[in-house]
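Reading through the structure tokens given below for one structure.
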Amino acid sequence: MPTWTALTHTNGRDAAEALAEAGEDLNPEPVGTGVFEIEDGSGRWEVGLYFTESPDEVGLALLAAAWQAEPFVISELPEVDWVAHVRRELSPVEAGRFFVHGSHDADKVPESAEALLIEAAMAFGTGHHGTTKGCLLALDRLINEGFAPQRIVDVGCGTAVLAMAAARSFPVIVLAGDIDPQAVDVARANVIANGLDGRVECVEAAGFDHPLIENAAPFDLVFANILNQPLIDLVPDMAKNIAPGGKAILSGILVTQADEVIAAYTAGGLQLERRDDLGEWSTLVVRRD
């Protein structure tokens with residue numbers, strides 16, 4: 001079945017979300033919509049509408065004009081088995097002792113590796129994104145340094161790859177929360193697929209706002225691989241929920257945004273222990289003294 005995409009850009013999240021909602025009233029109607037922040041500091045957002053029939057170009061032009069957005073760029077996509085394509089393109093990822101792979105690469109896992117199975121269909125958090133790999137490398141270094149946390153939480157866990165890596169590394173129950181209920185379902189499925197049921201507890205939570213997480217605080221290790229502004233917004237909760245001597249591994253931060261995040265955490269009473277840049281992304285390790 002052919003697929004058409006219609007993409008535009010506008011200023012601000014509210015306008016982007018309103019535009020995407022209005023787009024659902026088009027005829028033919030889109031089978032899906034997406035709203036994404038462009039992480040370049042410009043404040044612009046991308047709106048995508050996805051169709052299985054050729055979209056109404058006049059209707060899209062009127063929609064863009066009404067919401068002061070750029071004209072939609074319409075593209076017809078070839079028929080592709082995207083999961084099979086991703087499987088071919090995404091080779092296993094090695095990050096220190098961790099080896100992230102799909103089931104199609106199970107025969108490539110080194111004997112000494114901590115293997116983490118994440119299927120190719122689970123796009124973000126497979127380990128191939130620089131932010132996830134940066135967090136795994138940071139965790140690997142902390143383990144090599146003898147860091148042994150007893151209370152661990154993954155905030156904004158996505159596929160739960162970081163929570164699972166921690167559960168494989170330390171003999172404790174790891175908490176994992178995400179604001180998106182679909183992400184929580186994916187995380188739970190991944191936990192079971194990796195034989196970690198009962199070792200990683202996945203809950204729907206915004207930040208630390210869940211009774212299970214609140215009752216387990218303060219934490220010795222916090223993962224937060226999200227985006228720079230949500231990380232900055234979390235500073236007061238981070239300072240409150242990290243135990244003395246505890247650390248947080250932070251990512252989802254463009255290299256150009258790292259200084260801003262570091263300044264916010266320093267002002268909030270947390271000290272920068274290490275910064276590592278991987279491509280265009282930064283990973284920070286901060287600690288509470």
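The values are calculated or read from the model by the stated rules, or taken from the named source; none is laboratory data. The shown structure was predicted, so the numbers you read here are calculated from the model rather than taken from an experiment. Heads up, the Cβs are rebuilt from the backbone with ideal geometry, glycines too, and the neighbour counts pull from every protein chain shown. Each accessible area value is taken on the protein alone, full model and side chains, heavy atoms only, with ligands, DNA and RNA left out. Shrake-Rupley method; radii C 1.70, N 1.55, O 1.52, S 1.80 Å.
Hey, can you tell me all the residues within segment 214-227 that are in a strand (DSSP E or B) and under 16 Å from Val161 (Cβ atoms)?
Leu221, Val222, Phe223, Ala224, Asn225 - these are the residues of segment 214-227 that are in a strand (DSSP E or B) and under 16 Å from Val161 (Cβ atoms).
What tally of residues in segment 174-190 results from selecting those that are under 23 Å from Ala113 (Cβ atoms) and at pLDDT 95 or above?
Final tally of qualifying residues: 2.
When the residues of segment 180-215 are filtered to those that are among the β-branched types (Val, Ile, Thr) and closer than 22 Å to Lys133 by Cα, which remaining residue is surrounded by the fewest Cβ atoms within 10 Å (Cβ to Cβ)?
Ile192
Limited to segment 34-58, what total is found for residues that are among the small types (Gly, Ala, Ser) and crowded, with 16+ Cβ neighbours inside 10 Å?
1
If you take the residues in segment 267-286 that are outside any strand (DSSP E or B) and in contact with a strand residue (DSSP E or B) (Cβ under 7 Å, 6 or more places away or on another chain), which one is least open to solvent (accessible area, probe 1.4 Å)?
Leu270
If I go through segment 234-243 residue by residue, how many of them are in contact with a strand residue (DSSP E or B) (Cβ under 7 Å, 6 or more places away or on another chain), farther than 23 Å from Gly130 by Cβ and assigned to a helix (DSSP H, G or I)?
1
Please indicate, with yes or no, whether at least one residue in segment 61-72 is open to solvent by 50 Å² or more (accessible area, probe 1.4 Å), more than 26 Å from the chain's Cα centre (by Cα) and on the phi > 0 side of the Ramachandran plot.
yes
Could you pull out the residue among Gly158, Gly246, Gly146 that is assigned to a loop (DSSP other than H, G, I, E, B) and more than 15 Å from the chain's Cα centre (by Cα)?
Going through Gly158, Gly246, Gly146 in turn, just one is assigned to a loop (DSSP other than H, G, I, E, B) and more than 15 Å from the chain's Cα centre (by Cα): Gly146.
Go through segment 253-266 and give me each residue that's over 14 Å from Val235 (Cα atoms), out of contact with any strand residue (DSSP E or B) (no Cβ under 7 Å at 6 or more places or on another chain) and buried (at least 16 other Cβ atoms within 10 Å of the Cβ).
Gln257 - this is the single residue of segment 253-266 that is over 14 Å from Val235 (Cα atoms), out of contact with any strand residue (DSSP E or B) (no Cβ under 7 Å at 6 or more places or on another chain) and buried (at least 16 other Cβ atoms within 10 Å of the Cβ).
If the requirement is being hydrophobic (A, V, I, L, M, F, W, C) and surrounded by fewer than 20 Cβ atoms within 10 Å (Cβ to Cβ), which of these qualifies: Val235, Val222?
It is Val235.
Residue-wise test of (1) acidic (Asp, Glu); (2) closer than 24 Å to Ala138 by Cβ; (3) touching a helix residue (DSSP H, G or I) at 6+ places or on another chain (Cβ under 7 Å); (4) assigned to a loop (DSSP other than H, G, I, E, B).
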site	(1), (2), (3), (4)
Ala176	no, yes, yes, no
Arg188	no, no, no, no
Leu212	no, no, no, no
Gln229	no, yes, no, no
Ile232	no, yes, yes, no
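Among the listed residues Glu29, Glu79, Glu21, identify the single one that is modelled with pLDDT of 90 or more, open to solvent by 90 Å² or more (accessible area, probe 1.4 Å), out of contact with any Lys or Arg (no Cβ under 7 Å at 6 or more places or on another chain) and part of a loop (DSSP other than H, G, I, E, B).
One residue alone meets the criteria, Glu29.
Find all pairs meeting these conditions: Cβ atoms under 6 angstrom apart; at least six residues apart or on different chains; first residue within segment 258-281 and hydrophobic (A, V, I, L, M, F, W, C); second residue open to solvent by 40 Å² or more (accessible area, probe 1.4 Å).
Pairs found: Ile262/Leu272; Leu270/Arg288.
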